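This report concerns only the one structure given below.
Here, each number is a calculation from the coordinates, and none is a lab measurement. Since the structure is predicted, the reported quantities are computational estimates derived from the model, not experimental observations. Ideal geometry is used to build each Cβ from the backbone, glycine not excepted, and the neighbour counts take in all protein chains shown.
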Amino acid sequence: MKIAIASDHAAVGLKAELAQFLRDEGHEVNDLGPATEDRVDYPDYGYKLAEAVASGAAEFGVALCGSGIGISIAVNRHPALRCALVGEPLSAALAREHNNANAIAMGARLTGVDMAKACLTAFLSAQFGGGRHTGRVEKLTNPTF
């Protein structure tokens, strides 16, 4: 799979660990930055990640910041993205199965490396279930306010 990964300065270390893990698992990884722990703004990298997935340059996205909250909000600003903030594998799998999430977010200050790897494995292994979930997911892209 082609996977885009991005973070803010707080998650550069976790991003490097997860990017290597994904490569070791046979995935093509596009690291969208940043490359250092110099202070950056998470929305800038969340928007880059969203565009990579929305354009088809990546099948899935991995968004990381200190808590995972800010960057997940930034990614979800794009109407084509469904980014789920997760901290354990069951939520990661359900994000794909029930919500057809195309991006996952985690917090480097809240989620350890091993748990983050388990979340990624669960997320990438799961498939969208369709059925009763299809109409709900369509409403996320085309809301009826």
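Six or more apart or on different chains, Cβ under 8 Å: which pairs go from a residue in region 123-144 that's closer than 18 Å to A103 by Cβ to one that's assigned to a loop (DSSP other than H, G, I, E, B) and small (G, A, S)? Could you list them?
F123/A101; T141/A80
Being among the basic types (K, R) and either under 18 Å from C65 (Cβ atoms) or part of a strand (DSSP E or B) (or both) is the filter here, so list the residues in region 12-32 that pass it.
K15
Any idea which of A105, A101 is in a loop (DSSP other than H, G, I, E, B), within 12 Å of the chain's Cα centre (by Cα), on the phi < 0 side of the Ramachandran plot and not β-branched (V, I, T)?
Testing whether each residue is in a loop (DSSP other than H, G, I, E, B), within 12 Å of the chain's Cα centre (by Cα), on the phi < 0 side of the Ramachandran plot and not β-branched (V, I, T) leaves just A101.
Which condition number in (1) closer than 18 Å to L124 by Cβ; (2) out of contact with any His (no Cβ under 6 Å at 6 or more places or on another chain) is the one that P79 fails?
Every listed condition holds for P79 apart from (1).
Go through G68, G46, G61, G13 for me and flag whichever is of a type outside the set (A, V, I, L, M, F, W, C) and at positive phi.
G68
Being touching a residue at least 24 places away in the same chain (Cβ under 8 Å), among the aromatic types (F, W, Y) and assigned to a strand (DSSP E or B), is that true of even one residue in region 33-56?
No, region 33-56 contains no residue that is touching a residue at least 24 places away in the same chain (Cβ under 8 Å), among the aromatic types (F, W, Y) and assigned to a strand (DSSP E or B).
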